[in-house]
Structures are given as C-alpha cells and as structure tokens.
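J.: My questions all concern the structure below.
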Amino acid sequence: MSVTPLNEAEELFFRSLMRLSITLPRTLGDDLERSCGLNATEYRVLMHLSEAPGQQLRMSDLADRTGMSPSRITRVIDNMAETGLVEKRQGSDDGRSTLATLTKGGLATLRRAYPDHLRSVRRSVFDHLAREETLEIGPVLSRLAKAVDALNPPMARPAGQRNKRQSGPTSRRTVKPRR
C-alpha cells in the first residue's frame with residue numbers, strides 16, 4: 001500500500017502542530033506553577049470538577065476528561081485530597097464507584113489561579129493571533145480534534161488502555177470557574 005508523502009504546506013502544519021502540542025502545555029504549566037503553585041494537572045482537575053454538576057465527578061469520568069489513566073487520576077486525587085483541594089468519597093451504595101468532589105478550598109484556589117492562567121493563555125496564544133484568525137482556526141482545530149478522537153473512541157480501546165491518550169490544554173476549554 002502506497003502512502004502519499006506530505007506536501008510542503010502539510011509538513012509545515014503537522015510539524016508546527018506537534019511542536020505546539022509539546023511547548024504550549026509546558027509553558028502554561030510553568031506559568032501556573034510560578035504564579036500560584038498549582039501544576040497543570042491539578043488545574044485541569046479543579047477546572048473539570050468546577051464545571052461538573054454538584055462540582056463532583058466519578059473518578060472514571062474525571063480520568064476520561066483529563067486524559068489520565070485510572071491509576072494516575074487516583075494518585076492525583078489522593079495528593080490533592082491531602083492538601084484539601086478535593087474530597088474523595090464512595091459514589092454508590094454498592095461501593096463500586098468513587099467520586100472526586102471539589103472543596104471550598106479547591107474552588108477558592110481555582111478562582112485565584114484563573115486570572116494568572118488566563119493571562120498566560122492570552123500571552124502564549126491569543127496575543128499572536130488576529131480575531132479573524134481565531135475565528136478561522138478555532139473551528140478547524142475543533143474538527144481535527146473530533147476526527148482524531150473518533151479514531152480512538154473510549155469503547156474501542158483495549159482493556160487497560162482506556163485513558164492512555166494524552167490531552168492538553170488545546171483540546172480542552174479554558175473557562176472561567178463557576179461561582
């Protein structure tokens with residue numbers, strides 16, 4: 001089977017996208033660490049919990065949303081629970097699910113971190129794009145993200161590989177925390 005090589009424009013696009021997928025999360029994460037002491041993983045967890053109904057999620061859902069494996073999200077939540085940012089509790093009477101819940105302290109931390117994170121996102125991304133470019137590129141990147149997600153849906157992954165794909169800030173919304 002023959003595969004068509006990338007043309008010059010495709011090569012530039014793909015290499016730039018790959019570079020951005022490495023450098024942008026690193027830059028945003030470093031800025032978060034410096035400004036408020038949170039790492040990017042902790043920020044994503046707090047963000048997703050703040051957006052969830054009741055500010056809580058089943059651990060498996062939180063793993064999916066953050067792109068982490070079940071064992072990794074468990075370690076992260078355990079560490080965050082020790083610092084009072086989240087609580088971990090049984091989610092059902094039969095004990096088969098566990099919930100991660102945002103605490104008041106976790107929400108306060110997210111609210112303090114949000115302006116610095118937003119400033120970093122603007123400085124790293126949007127200060128370099130015209131509004132028209134954002135309007136054009138946003139839908140294109142969204143369509144590409146959905147196409148890649150469809151190539152590797154959660155149910156089609158082998159057992160034990162459910163949450164292995166990586167997820168960076170470019171694939172998640174940067175939103176203002178709910179009050």
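The values are calculated or read from the model by the stated rules, or taken from the named source; none is laboratory data. What you see is a predicted model; the values in this text were computed from it and never measured. Here the Cβ is made from the backbone with ideal geometry for all residues, glycine too, and neighbour counts use every protein chain on show.
J.: For region 1-43, enumerate the residues that are touching a Pro at 6+ places or on another chain (Cβ under 6 Å) and farther than 18 Å from Pro115 by Cα.
T.: Result: no residue meets the conditions.
J.: Sort through Arg58, Arg15 and tell me the only one that's closer than 22 Å to Val148 by Cβ and either of a type outside the set (A, V, I, L, M) or over 18 Å from the mean Cα position of the chain (by Cα) (or both).
T.: Details: Arg58 fails: closer than 22 Å to Val148 by Cβ.
Only one candidate passes the filter, namely Arg15.
Condition check ((1) of a type in the set (Gly, Ala, Ser); (2) surrounded by fewer than 19 Cβ atoms within 10 Å (Cβ to Cβ); (3) at pLDDT 95 or above; (4) more than 25 Å from Ser124 (Cβ to Cβ)) across all residues:
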site: Leu28; (1), (2), (3), (4): no, no, yes, no
site: Ser35; (1), (2), (3), (4): yes, yes, no, no
site: Tyr43; (1), (2), (3), (4): no, no, yes, no
site: Leu57; (1), (2), (3), (4): no, no, yes, yes
site: Arg75; (1), (2), (3), (4): no, yes, yes, yes
site: Asn79; (1), (2), (3), (4): no, yes, yes, yes
site: Glu87; (1), (2), (3), (4): no, yes, yes, yes
site: Thr101; (1), (2), (3), (4): no, yes, yes, yes
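J.: For region 124-138, give me the residue count where each residue is of a type outside the set (A, V, I, L, M, F, W, C), within 24 Å of Arg26 (Cα to Cα) and free of Cβ contacts under 8 Å to residues at least 24 places away in the same chain.
T.: 5
J.: Scan Arg19, Arg89, Arg15 and give me the residue that is outside any helix (DSSP H, G or I), over 23 Å from Arg111 (Cα atoms), among the charged types (D, E, K, R) and out of contact with any Cys (no Cβ under 8 Å at 6 or more places or on another chain).
T.: Criteria check complete, one pass: Arg89.
Yes/no per residue for (1) closer than 25 Å to Leu24 by Cα; (2) in contact (Cβ under 8 Å) with a residue 24 or more places away in the chain:
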| residue | (1), (2) |
| --- | --- |
| Arg75 | yes, no |
| Glu87 | no, no |
| Ser92 | no, no |
| Thr101 | no, yes |
| Gly105 | no, no |
| Thr109 | yes, yes |
| Val121 | yes, yes |
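J.: Please enumerate the residues belonging to region 23-61 that are of a type in the set (D, E, K, R) and either assigned to a helix (DSSP H, G or I) or more than 19 Å from Asn79 (Cα to Cα) (or both). Break it down stepwise before answering.
T.: Of all residues in region 23-61, those of a type in the set (D, E, K, R) come to 26, 30-31, 33-34, 42, 44, 51, 58, 61.
Result: Arg26, Asp30, Asp31, Glu33, Arg34, Glu42, Arg44, Glu51, Asp61.
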